[in-house]
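Structure, as structure tokens:
Where a number appears in this text, it was derived from the coordinates with a stated rule and is not lab data. These numbers come from a predicted model, not from an experiment. Here the Cβ positions follow ideal geometry from the backbone for every residue, glycine too, while neighbour counts run over all protein chains shown.
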């Protein structure tokens, strides 16, 4: 994060905790300290009503919330939101955040029927396949983006992300997501214990910067490419999603239906293209 070392160190310290442990190695036992990624619950409220509870690494919570609301179709732009602010009783401040609508705007959601990440939108529960894709495309148009990405440029993306994963380097327990702009620069990088949270923070930051749709941009994720991550890329209207790991079948189906270029196993000199290969040029 060029030009802001102090801010970067504050974000780093908020994302890690130093703990004592015991290391066994080559038959020897020794006490030691280690860094672990911080995981805490965040209760998200809309006008005082609980919308979701998600586990996340504290920091950039406003970006996380806005990215999630955009991905779920609760809001369609940052302009619909008046404020996103931490609240709650003494002792819980920091893990409760409330969203209020912009003047003249109503955030339309049903407390009893809304999708809640804690119960309905995790990969463990499963989403309803074809219906989920149809619902997504009903509110987000398929991508129309003539951006092209060269093989060497694409191979450099995950290499560029690695040195920016400070929390992962020190703990081994954090995922990363990044947005690469058309100039080839990693414009936004975020880390979190959750893959989806990291990408929500990236998309939320881009929305706060009035940078959506993310035409010509690439999103990079450090973990598996699930349907949920493809959904977020489509909502952001980024034409390319790159993962260092495998995609799921539903992620590939959604990417193909939405004309998103989906790349998996982007490691070293190789990668696999599962959808939208027309954007990749030699």
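A few comments on the model shown:
- Applying 1/(1 + (r/R0)^6) with R0 = 30 Å to the Cβ-Cβ distance of residue 139 and residue 215 gives a FRET efficiency near 0.95.
- FRET efficiency for residue 102 and residue 131, using Cβ-Cβ distance with R0 set to 22 Å, rounded to 0.05: 0.10
- The stretch 20-95-the stretch 205-282 distance, computed between alpha-carbon centres (Å): 24
- The protection proxy used here, the mean number of other Cβ atoms lying within 10 Å of each residue, ranks peptides 55-63, 15-23, 155-163 as follows, highest first: 55-63, 155-163, 15-23.
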